[in-house]
Amino acid sequence: MKMTDKHDDDLVQGFFDAAQGAQAEVSEGLMARVLADADAEATRRAVSVVKPRAVAQRQSGGGFFGLIGGWPAMGGMVAASAMGLWLGLAPPAIMASLSTTTTDSVNVSIFSVDQVFNTGG
């Protein structure tokens, strides 16, 4: 059987037509429970106290501290800073050998000065 079989399409279309003509009815009990839940939720939200902005910012870290991610991000930055300070003050022996090889500089000119400033030389 192929997926493009016309018989299957007609069968499915019959189900769609039957479902489209049916009217859904909600029982009184269900509607009463839904409305009671909605009233309870509306009352709960109306009673909840809204925190002033200053208090909310102070609790969540506020300002810049809150923007960078709060305490988890601050912990990572402190760890990275401590590691940088440690490597700067007491570098391992291999750092000394690496620093001597990277201090040599090489100048590579892609264009001559005459070409850059169009002096015709």
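The values are calculated or read from the model by the stated rules, or taken from the named source; none is laboratory data. These numbers come from a predicted model, not from an experiment. Here the Cβ is made from the backbone with ideal geometry for all residues, glycine too, and neighbour counts use every protein chain on show.
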Criterion violated by Ala56 - all others in (1) of a type outside the set (D, E, K, R); (2) modelled with pLDDT of 65 or more; (3) part of a helix (DSSP H, G or I) satisfied: (2)
Residue ID - modelled with the lowest pLDDT, chosen from residues in the stretch 72-96 that are loosely packed, with under 10 Cβ neighbours inside 10 Å and in a helix (DSSP H, G or I): Ala96
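A quick yes/no check of all residues on (1) of a type in the set (Lys, Arg); (2) at pLDDT 80 or above; (3) out of contact with any Phe, Trp or Tyr (no Cβ under 9 Å at 6 or more places or on another chain); (4) in a helix (DSSP H, G or I):
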{"residue": "Met3", "(1), (2), (3), (4)": "no, no, yes, no"}
{"residue": "Asp8", "(1), (2), (3), (4)": "no, no, yes, yes"}
{"residue": "Gly14", "(1), (2), (3), (4)": "no, yes, yes, yes"}
{"residue": "Ala19", "(1), (2), (3), (4)": "no, yes, yes, yes"}
{"residue": "Leu30", "(1), (2), (3), (4)": "no, yes, yes, yes"}
{"residue": "Val34", "(1), (2), (3), (4)": "no, yes, yes, yes"}
{"residue": "Ala38", "(1), (2), (3), (4)": "no, yes, yes, yes"}
{"residue": "Arg44", "(1), (2), (3), (4)": "yes, yes, yes, yes"}
{"residue": "Lys51", "(1), (2), (3), (4)": "yes, no, yes, no"}
